[in-house]
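These notes concern the structure reproduced below.
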Amino acid sequence: MIKLIKKISLTHWIMISMVVGAYIGWAFPEFSQNLKVLSNIFLRLIKSLIVPLLFGTLVVGIAGHSDDIKKVGRLALKSLIYFEIVTTLALFIGLAAVNLVQPGTGVSLKVSQVSDAAAVASQQKMTWQGIIEHIVPKSFIEAAAANDVLQVVFFSILFAVAITQAPQKHRDTMVGFCESLSEIMFKFTGIVMKFAPIGIGAAIAYTVGHSGAGVLINLGKLVLTLYGALAVFILLVLLPVMLIFKIPIRAFLKAVKEPALIAFSTTSSDAALPDALKQMINFGVPKRIVSFVLPTGYSFNLDGTTLYLAIASVFVAQAAGIPLTLEQQLIMMLTLMLTSKGVAAVPRASLVILSGTLVTFGLPLEGVAVILGVDELMDMARTTVNLVGNCLASAVMARWEGELVVKEL
């Protein structure tokens with residue numbers, strides 16, 4: 001029996017805890033309200049890792065690639081322009097989908113206690129001038145204590161740029177420190193996620209006990225909204241890109257089929273990376289291009305993840321009954337556009353980014369625990385789109401450089 005229990009993966013434990021939590025919330029609604037302390041502990045642990053994880057990964061993502069960017073120059077500039085355009089389109093498609101379907105309406109999440117800065121920011125009328133001024137931190141320590149993601153990102157980017165201009169000895173020291181910090185925070189995240197089944201089960205029990213079993217229907221709508229939005233993104237963005245850059249669709253689909261299946265089944269872009277590199281070289285993308293574009297894309301071109309973040313963040317606002325104006329939603333998308341860069345290698349990276357964004361805008365972190373119950377189903381789709389989007393980016397860059405030679409099927 002003990003051996004059998006040890007073989008159960010974290011994903012399966014999360015699914016089991018969601019079912020058990022839903023049953024407890026339905027059968028014992030009064031008792032389920034006492035379980036909120038367990039979900040609060042889980043959410044506090046998540047909040048504690050946001051700043052060091054974002055800081056370490058962003059600095060490494062920018063400063064760690066400085067030599068590569070200097071070497072490839074023109075290719076880097078073209079790649080970053082392409083990445084930014086495509087991920088921005090993904091964000092807006094996600095934003096349109098969640099506003100059209102409104103999967104969070106009716107969940108009735110209670111707004112949790114958030115930092116004073118976030119609470120004030122959520123109550124005040126946001127303006128572009130105010131947001132631009134707010135991005136610049138008076139103190140990194142103050143920004144870190146308040147979990148103010150925009151200010152942490154701003155400081156991290158400037159810090160990384162400063163590292164690239166420092167002498168080699170000092171640059172290596174700081175990049176090495178941030179790499180060590182990132183690696184340790186990955187392990188820290190892994191420890192926190194071991195508590196996830198308890199925290200998520202408690203959150204589901206509390207939410208079902210408070211709002212009724214109808215919340216499960218909303219979670220189903222959330223999953224379907226994401227899958228529908230990803231399908232629209234493929235049809236309206238990726239397919240036209242193939243046509244514009246004259247990428248042979250049948251040959252490309254054959255090349256990405258195998259790595260896409262790996263990404264879908266393992267929910268890991270890293271697991272599919274070696275096969276994706278091989279398949280795109282076989283497809284006709286020069287090795288020097290694919291070896292730069294694919295790894296860089298894993299930091300700057302997460303189409304599926306950015307679309308998911310747009311849907312998830314507004315879903316939480318809808319669930320909490322907090323109306324967001326179009327201006328507030330656009331500012332939130334700007335935040336997501338910045339914070340989603342450079343953290344692809346983090347386990348449950350979207351969880352960290354989503355949590356930080358919710359805290360910044362004064363939205364309840366309980367929404368994260370509820371979403372995590374169905375996150376695995378959504379992760380399979382968004383990881384696959386991340387991979388396919390980056391494979392296509394490598395083919396587009398090769399075509400743009402005039403070096404794409406598609407081999408016979």
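Every read-out reported here was derived from the displayed coordinates using simple, explicitly stated rules and does not represent laboratory data. Owing to the predicted nature of the structure, the values given are computational and were not obtained by experimental measurement. Counting neighbours? That spans all protein chains shown, and the Cβs are built from the backbone with ideal geometry, glycine included.
Numbers at a glance
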read-out	value
Peptides 97-105, 353-361, 180-188 ordered by average Cβ neighbours within 10 Å, highest first	353-361, 97-105, 180-188
Charge dipole (debye, nearest 20) of the range 179-303; +1 at Cβ of Lys and Arg, -1 at Cβ of Asp and Glu	380 debye
Listed peptides 165-175, 244-254, 388-398 by packing density, highest first (mean Cβ within 10 Å)	388-398, 244-254, 165-175
Contour minus Cα-Cα distance for THR164 and SER180 (0.36 nm per residue)	4.0 nm
Tail weight of P(r) past 21 Å, computed on alpha-carbon pairs of the range 162-273, percent	69 percent
Relative exposure of ASP148, ASP275, judged by other C-beta atoms within 10 Å (fewest first)	ASP275, ASP148
Segments 220-227, 88-95 sorted - mean Cβ within 10 Å per residue, highest first	88-95, 220-227
Neighbour net charge for ILE93 - beta-carbon separation under 13 angstrom, K R +1, D E -1	0
Out-of-range pairs (alpha-carbon distance over 29 Å; input LYS3/LYS254; LYS246/LYS278; LYS3/LYS278)	LYS3/LYS254; LYS3/LYS278
Efficiency of FRET from Cβ geometry, TYR227 and TRP400, R₀ 35 Å, rounded to 0.05	0.70
